[in-house]
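Notes follow the structure.
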Amino acid sequence: MEKAQQVWVAFAAPEQQFLVAVPFEAGMTALQAVEASGLQTQVSLPEPLQLGIFGAKVEAQAILQAGDRVEVYRPLTINPKDIRRNRAEKNPVGRYIKSNRLKQ
């Protein structure tokens with residue numbers, strides 16, 4: 001028995017994660033897979049859509065292969081450098097403080 005081919009559409013909202021299987025059709029684009037998944041009816045997707053396949057950013061018109069995972073990316077809420085900077089201000093660790101000096 002032949003198993004039906006499919007592609008996956010993934011989206012992580014702040015409250016919930018979605019992973020939807022969509023039947024694969026030859027020549028299917030990433031945008032068509034997102035539309036066929038029905039995610040627009042469940043959550044509001046960011047505009048413009050930023051898409052990727054297995055973590056590699058692609059255009060919406062990228063042709064899919066059977067078994068691909070299309071990921072819908074949402075914008076960052078804070079710059080990663082600012083996160084590290086804020087963490088360093090809360091927990092300062094200097095180069096020569098008592099806790100990390102070599103014992104003699």
- request: Take the alpha-carbon centre of segment 1-49, take the same for segment 55-95, and report the distance between them in whole Å.
  value: 20
field: Label selected from (i) 89; (ii) 119; (iii) 189, the criterion being volume of the Cα convex hull per residue in Å³ as computed here
entry: (iii)
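Rule-based calculations on the coordinates, nothing more; no lab input. Computed from a predicted model, the values in this text were never measured in an experiment.
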